[in-house]
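The values are calculated or read from the model by the stated rules, or taken from the named source; none is laboratory data. If you're wondering where the values come from, they're calculated on a predicted model, not measured in any experiment. Here the Cβ positions follow ideal geometry from the backbone for every residue, glycine too, while neighbour counts run over all protein chains shown. Please note that ligands, DNA and RNA were not included when accessible areas were found on the heavy atoms of the full protein model with its side chains. Shrake-Rupley method; radii C 1.70, N 1.55, O 1.52, S 1.80 Å.
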Amino acid sequence: MEQIPAKFCPRCGTAIPDPAPGDRRTCPRGDFTWFADPKLAAGVLVAREGKLLLGRNHAPALGRWAFPSGFVDAGEVVEEAAVREVFEETGIKVLLHGLIGVYSEAGNAVVFIAYAGSATSGDAVAGPEAFEVGWFAPDQLPELGFTHDARIVAEWAERFATSG
């Protein structure tokens, strides 16, 4: 996910020139500096009877399997966003057991926060953001959609695998 920088000052309307490498995009009048803030996403490795819940996504990993997750809305509590995303994508209600970790990559505006959780109720049904959902044994997961997913699964297995 790439952020598009401000081209005009939102305070005075003056065109903002492209900065020199390493400099910030700043209004020539000094009224405004544009900061490329990250976008926060949260997800849950949901366990039930020794299996993990995955969804095959519409976006951003089109057609690939991933943990139920999504963007945190401004002002939303991160843990509540993680629980909300699981329910929206899969119809499963979850109880969080703890933080697995925080993951970021150079050049990627998204910071991903992963939680461990267990299913408390509901049947897994693909919501509007998924093609399908399914339960998978941790040692028989399909190819996952994001570069940090293998690390997240390994860290979950090390600390949380017995809590689901």
Checklist entry - Taking region 14-54, which residues are open to solvent by less than 60 Å² (accessible area, probe 1.4 Å), of a type outside the set (A, V, I, L, M, F, W, C), at pLDDT 90 or above and out of contact with any Ser or Thr (no Cβ under 6 Å at 6 or more places or on another chain)? => result 50
Checklist outcome for this item: Within region 136-164, restricting to residues that are of a type in the set (Phe, Trp, Tyr) and surrounded by 16 or more Cβ atoms within 10 Å (Cβ to Cβ), the one that is farthest from residue 62 (Cα to Cα) is 160
Checklist outcome for this item: The correct count of residues that are open to solvent by 30 Å² or more (accessible area, probe 1.4 Å), touching a residue at least 40 places away in the same chain (Cβ under 8 Å) and either assigned to a loop (DSSP other than H, G, I, E, B) or out of contact with any Pro (no Cβ under 9 Å at 6 or more places or on another chain) (or both) in region 70-92 is 0
Checklist entry - Which condition does residue 118 not pass, out of (1) farther than 16 Å from residue 82 by Cβ; (2) surrounded by 17 or more Cβ atoms within 10 Å (Cβ to Cβ), if it passes all the others? => result (1)
Item to check | Filtered residues of region 78-104 (kept if out of contact with any Leu (no Cβ under 7 Å at 6 or more places or on another chain) and closer than 17 Å to residue 154 by Cβ) | outcome: 97, 98, 99, 101, 102, 103
Checklist outcome for this item: Scanning region 93-105 residue by residue, those more than 12 Å from residue 45 (Cα to Cα) and open to solvent by less than 70 Å² (accessible area, probe 1.4 Å) turn out to be 103
